Each structure stands twice: as C-alpha cells, then as structure tokens.
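> Dumping the structure here so I can ask a few things about it.
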Amino acid sequence: MKLRVGDAAEIKEGEPHSFRLVRGGRYVNCFLFRLKGKLIAYENKCRHIPVSLDYDDARFFDAQRRYIVCQTHGALYEPSSGECVEGPCVGASLYPVSLEVTASGIFVESEEVL
C-alpha cells in the first residue's frame with residue numbers, strides 16, 4: 001500500500017522529517033530531507049549496530065550539516081548516497097527508502113498497518 005508521509009512543500013532544505021512504515025511485519029523508523037532541492041529518504045538505522053541514528057530528536061546531521069551522523073557511534077554518512085565515509089562501518093550504506101512525490105503528497109511503499 002502507498003503511505004502518505006508528508007507534503008513536499010513542507011520539507012525544507014536540510015530539515016529532516018521522521019516517519020515510519022511497515023516492512024517484514026515490523027515498524028521501521030525512517031527519515032527524509034531535502035538536499036539541493038531533491039527529496040531523499042533512508043531507514044533510521046546505523047549500519048554498524050542497528051540502532052537509531054538520532055536520539056529520537058530528529059538531529060540527523062553533524063554540526064556543519066555536511067554529513068548524516070550516528071549519534072551513538074559517530075559514524076558519518078554521505079547524505080546524497082547514504083554511504084558511510086567515516087567510522088566503524090566505512091563502505092556500508094544506509095538503507096534507502098523510495099519516494100513517490102505527487103501533487104497530493106510524498107508517498108512510500110508500506111505493508112498494511114499493524
């Protein structure tokens with residue numbers, strides 16, 4: 001099913017928006033943001049140890065807003081690709097979430113709501 005997770009006009013450059021979907025019968029926390037005008041989304045899960053990147057405070061970027069950062073381990077991820085460029089999981093990438101943007105909103109594929 002398609003799940004509406006926001007309105008494209010509401011997502012400002014560099015300001016993450018958290019949402020969740022259902023995959024494999026489980027809720028999966030995710031986030032999306034706008035980077036150079038493009039909407040990008042990833043699962044909110046570090047590739048080193050499967051913990052949330054943020055502390056449930058929607059702070060996904062480092063102080064310079066150059067990288068996505070895991071607040072637990074300090075791993076740094078390239079926002080455009082999700083690839084870890086520094087930290088314990090170098091070379092691994094965040095799990096991307098495909099977005100469909102229409103005039104009526106931003107949608108993701110999700111299994112039925114639990």
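The values are calculated or read from the model by the stated rules, or taken from the named source; none is laboratory data. Here the structure is a predicted model, which means the values were calculated and not measured. In this analysis, Cβ positions are derived from the backbone assuming ideal geometry, glycine residues included, and neighbour counts consider all displayed protein chains. What goes into the accessible areas is simple: the full protein's heavy atoms, side chains included, and nothing from ligands, DNA or RNA. Shrake-Rupley method; radii C 1.70, N 1.55, O 1.52, S 1.80 Å.
> Criterion first (within 20 Å of residue 108 (Cα to Cα), of a type in the set (A, V, I, L, M), out of contact with any Gly (no Cβ under 8 Å at 6 or more places or on another chain) and not in a loop (DSSP other than H, G, I, E, B)) does residue 3 satisfy it? Break it down into steps so the answer makes sense when it comes.
Values: within 20 Å of residue 108 (Cα to Cα): yes; of a type in the set (A, V, I, L, M): yes; out of contact with any Gly (no Cβ under 8 Å at 6 or more places or on another chain): yes; not in a loop (DSSP other than H, G, I, E, B): yes.
Here the answer is yes, as residue 3 does meet what is asked.
Okay, residues lined up against (1) under 21 Å from residue 12 (Cα atoms); (2) modelled with pLDDT of 95 or more; (3) under 13 Å from the mean Cα position of the chain (by Cα):
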| residue | (1), (2), (3) |
| --- | --- |
| 41 | yes, yes, yes |
| 59 | yes, no, yes |
| 64 | yes, no, no |
| 72 | no, no, no |
| 78 | yes, yes, yes |
| 92 | no, yes, no |
| 100 | yes, yes, no |
| 107 | yes, yes, no |
| 112 | no, no, no |
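> How many residues are closer than 20 Å to residue 24 by Cβ and of a type in the set (Asp, Glu) if we restrict to the stretch 37-74?
Residues in the stretch 37-74 being closer than 20 Å to residue 24 by Cβ and of a type in the set (Asp, Glu): 1 in total.
> Please pick out the residue among 22, 28 that is open to solvent by less than 50 Å² (accessible area, probe 1.4 Å) and within 14 Å of the chain's Cα centre (by Cα).
Sole residue among the options that is open to solvent by less than 50 Å² (accessible area, probe 1.4 Å) and within 14 Å of the chain's Cα centre (by Cα): 28.
> Among the residues of the stretch 63-94, write down those that are open to solvent by 40 Å² or more (accessible area, probe 1.4 Å) and aliphatic (A, V, I, L, M).
Hits for the stretch 63-94 are 63, 85, 90.
> Considering only the stretch 36-48, how many residues are under 25 Å from residue 110 (Cβ atoms) and either in a loop (DSSP other than H, G, I, E, B) or open to solvent by 50 Å² or more (accessible area, probe 1.4 Å) (or both)?
5
> Quick test of your reading of the structure: residue 101 fulfils all but one of (1) open to solvent by 50 Å² or more (accessible area, probe 1.4 Å); (2) of a type outside the set (Ser, Thr, Tyr); (3) out of contact with any helix residue (DSSP H, G or I) (no Cβ under 6 Å at 6 or more places or on another chain). Name the failing condition by number.
Among (1) open to solvent by 50 Å² or more (accessible area, probe 1.4 Å); (2) of a type outside the set (Ser, Thr, Tyr); (3) out of contact with any helix residue (DSSP H, G or I) (no Cβ under 6 Å at 6 or more places or on another chain), the lone unmet condition for residue 101 is (3).
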